[in-house]
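Undergrad: Sharing a structure with you now.
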Amino acid sequence: MGGDELGNHSGEHARHVAWRAALDPGRSAGPGQRQAWCQRVFDNESARRPTVKETKLRGKGWAAVAPFLLALLAMTGCSKENEGTGAAPAASGNTKPKIVKLAFVTNNASEFWKIAQAGVRKYEQESKVQVDVKMPSNGTTEEQNQILENLSSQGYDAIAVSAIAPNDQVPVLNKTAEKSKLITFDSDAPKSNRLLYIGTNNYEAGKALGAHIVKLLPDGGKMAVFVGTLSADNAKQRLQGIQDAIAGKNIEIVDKREDNTDRAKARSNVEDIINAHPDLKLVAGLWSYNGPAIAAAIEALGKKGKVLAAVFDEEEGTLTAIENGTISATVVQKPFQFGYLSSKWAHALATKPDTAMAQVPASKSIDTGIELIDKANVAEFKHKLAEMKK
């Protein structure tokens, strides 16, 4: 073997060792990271593939390494095809598949969103695509705006968001929509340039809870409403639905309190209002964490059975309070579907925009439905919920 041939063979051997050492990172990475790693390996392979002339010079060196490389790529699950990777088709003349970047942004970090996250993970498993879940820990508009700006600057292809203050956030949402396919879930922002809303018809959900309140207070009475912020569309629509359902039924809403997603304040608000209105008959919570806060306040004040409660969503504390009689009922949404459908539509809009847009309903909204849970069906519902979280 001549000096040139020896040098070439040694170089191939070094690359052989390097690729073998890189095996674990490729295998252990997430779907998006693994595809990026695989692409780098394919790029290296293409760049280093010898010409006919080089092959003659190297003799058996390349032939010995090539089978190992192909086997290594197969072992790590690498493929030059986009199928199953969540990757968008490569641009014409470009052999690199584009890794699709998708995000699901909630309006706070409550227990409720863990169910939605399970829906996101379900879609990830089915489609082999990665969806990054972002939860504003403080639940503030400023925090959510910063998350959206960061995602946009990082080149995310599609973003799904539950807007905290839709009207106030229109400029930020529209700026995000300029760079990413933007959809909303749970709390809509119809004045923005979002492409689709996925979630509950919150007005109808409010009417459903209001109808139950009428049954709980057949003779009328005073009630109070609690929520994170009434600037959110879902809160405003739920409240309007309740108000329309109780109209003419001698039921008066004596106070509405916001807590800005502060859990301690959510409970103290309830305690303050119950103490301020000795004749208060019922309290209603519009956001998920309001249920457990209301239950804790009622029990601490010894008002169980004296002050009734009707709330929204399926936090564990709410369902336990229904079982023990502290809360009468809750109207639950379908957060699992929020996560699953938002991920599915975001992926479709990012990879096949024309086809996806042709399938968007004329209303630009998808109603995921609601269900009323009370003591009669809470056990069955908890079982179904546990199955969804698996």
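Undergrad: Considering the stretch 103-151 alone, what residues qualify as being farther than 30 Å from Gly317 by Cα, in contact with a Lys or Arg (Cβ under 9 Å, 6 or more places away or on another chain) and in contact (Cβ under 8 Å) with a residue 60 or more places away in the chain?
TA: Ser127, Gln130
Here is a yes/no grid of residues against (1) more than 21 Å from the chain's Cα centre (by Cα); (2) open to solvent by less than 70 Å² (accessible area, probe 1.4 Å):
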residue: Ser180; (1), (2): no, yes
residue: Arg194; (1), (2): no, yes
residue: Ala205; (1), (2): no, yes
residue: Ala208; (1), (2): yes, yes
residue: Ala211; (1), (2): yes, yes
residue: Gly220; (1), (2): yes, yes
residue: Gly248; (1), (2): yes, no
residue: Glu252; (1), (2): yes, no
residue: Ala264; (1), (2): yes, no
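Undergrad: Restricting the stretch 222-241 to residues that are within 25 Å of Gly139 (Cβ to Cβ), touching a residue at least 40 places away in the same chain (Cβ under 8 Å) and of a type in the set (D, E, K, R), which is surrounded by the fewest Cβ atoms within 10 Å (Cβ to Cβ)?
TA: Among those residues, the one meeting the criterion is Asp233.
Undergrad: Quick one: Ala386 ticks every box in (1) more than 16 Å from Ser187 (Cβ to Cβ); (2) at pLDDT 95 or above bar one, so which box is it?
TA: Evaluating Ala386 over (1) more than 16 Å from Ser187 (Cβ to Cβ); (2) at pLDDT 95 or above leaves (2) as the failure.
Undergrad: Here's something else I'd like to know. Take the stretch 281-296 and flag every residue that is in contact with a strand residue (DSSP E or B) (Cβ under 8 Å, 6 or more places away or on another chain) and either within 24 Å of Ile164 (Cβ to Cβ) or assigned to a loop (DSSP other than H, G, I, E, B) (or both).
TA: Val283, Ala284, Gly285, Leu286, Trp287, Ser288, Asn290, Gly291, Ala293, Ile294
Undergrad: Need at least 2 residues that are open to solvent by 40 Å² or more (accessible area, probe 1.4 Å) per element, so show me which strands (runs of 3 or more DSSP E) inside the stretch 322-382 make the cut, counting only ones lying wholly within it.
TA: 365-367, 371-374
Undergrad: When you scan the stretch 308-318, do you find a residue that is at pLDDT 95 or above, surrounded by fewer than 24 Cβ atoms within 10 Å (Cβ to Cβ) and over 25 Å from the mean Cα position of the chain (by Cα), even just one?
TA: Scanning the stretch 308-318, I find at least one residue that is at pLDDT 95 or above, surrounded by fewer than 24 Cβ atoms within 10 Å (Cβ to Cβ) and over 25 Å from the mean Cα position of the chain (by Cα), so the answer is yes.
The values are calculated or read from the model by the stated rules, or taken from the named source; none is laboratory data. Fair warning: this is a prediction, and the values are worked out from it, not measured in the lab. Here the Cβ is made from the backbone with ideal geometry for all residues, glycine too, and neighbour counts use every protein chain on show. Surface accessibility is based on the protein's heavy atoms, side chains included, excluding ligands, DNA and RNA. Shrake-Rupley method; radii C 1.70, N 1.55, O 1.52, S 1.80 Å.
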